[in-house]
Amino acid sequence: WKGGGMDLTREVSIVIPLRVDNPERAENLRFILSLLLQQTEVSVDILEADTEQRFYLSETCERVRYRFVKDDDPVFYRTRYLNILLRSAKYPIAGIWDTDVIIPPVQLREAVGRICSGCVMCFPYDGRFIFLNEAMSDRIRKDVSVLEKVDATSIGMRPSVGGAFLVNRVAYLRAGGENEAFYGWGPEDAERVKRLEILELPIARVKGPLYHLHHPRGINSGFDMGERDKRNLEALLATCRRSKAEMLRWLEQPTFPD
């Protein structure tokens, strides 16, 4: 789990929007943060939005920036907060990370190399999204080397486009950044890939799995089967219907339509 050779992660900002909706969320983030800081040279920007601050850093670190935004909305507006983080990120390569995902550092470094070589987006895994159960997550938080014994096959599942990805920050923001028509949990992962494909921007993947630590699921971790889901699906379909010319015109608007 140690990377070798020249470290390509020194000019990478990992951005993490946060809503601590259960104790496991904070515990997972604290663990993920320790891995990123120990195994790479990335900097990390965390934005917590909630009625009150619920996440506290174990210790101060110059590579970690934390900010709190008071937000009384029970629905976590993740796309909006991600755009705030992307616009203020320090470095030219940004990694958009969920609070609960583990990426082996060798995969992260390879993905950074792909961005340096001209890709606008790169997934630091090959589509295998390995969900870890509660017991295994507890074991891994105590000893990350346990991951070496985890079965990383995911037979019959389509390649995931969620969890973590890297972007050329300026190019991605020019391509629309995060689509704020998505409010709350929804199919924004699929939309951003489709948008870049329509714009004919290069996307890459690297070999290896992504691991997802267990956490309970609430309003911000699943579908609500109501009007919010309907609007989010309409936002995905709107992107899928656009030609490249239509997409470019849409991006020229001062604000994206709902």
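The values are calculated or read from the model by the stated rules, or taken from the named source; none is laboratory data. All of these numbers come straight from a predicted model, not from anything done at the bench. Glycine gets a Cβ as well: all are built from the backbone with ideal geometry, and neighbour counts include every protein chain shown. We work out accessible area using only protein heavy atoms, side chains counted, and drop any ligands, DNA or RNA first. Shrake-Rupley method; radii C 1.70, N 1.55, O 1.52, S 1.80 Å.
Here the accessible area is traced with a 1.4 Å probe on the protein chains. For region 1-150, carbon and sulfur cover 50 percent of it. Of all DSSP bridge pairs formed entirely within the chain, close to 30 percent run antiparallel.
The charge dipole of region 59-116, taken about the Cα centre with unit charges on the Cβ atoms of Lys, Arg (+1) and Asp, Glu (-1), comes to about 340 debye, rounded to the nearest 20. Neighbours of Ala175 by Cβ distance under 9 Å: Lys/Arg scored +1, Asp/Glu scored -1, total +3. Only Lys, Arg, Asp and Glu carry charge here, each on its Cβ (+1 for the first two, -1 for the last two); on that basis the chain has a dipole of about 680 debye about its Cα centre. Computed with a 1.4 Å probe over protein heavy atoms only, the accessible surface of the chain comes to 48 Å² per residue. In a simple Cβ point-charge model (Lys, Arg +1; Asp, Glu -1; nothing else charged), region 137-182 has a dipole of about 80 debye relative to its Cα centre. Based on the Kirkwood approach, the hydrodynamic radius assigned to the chain is 18.8 Å, with every pair of different Cα atoms included.
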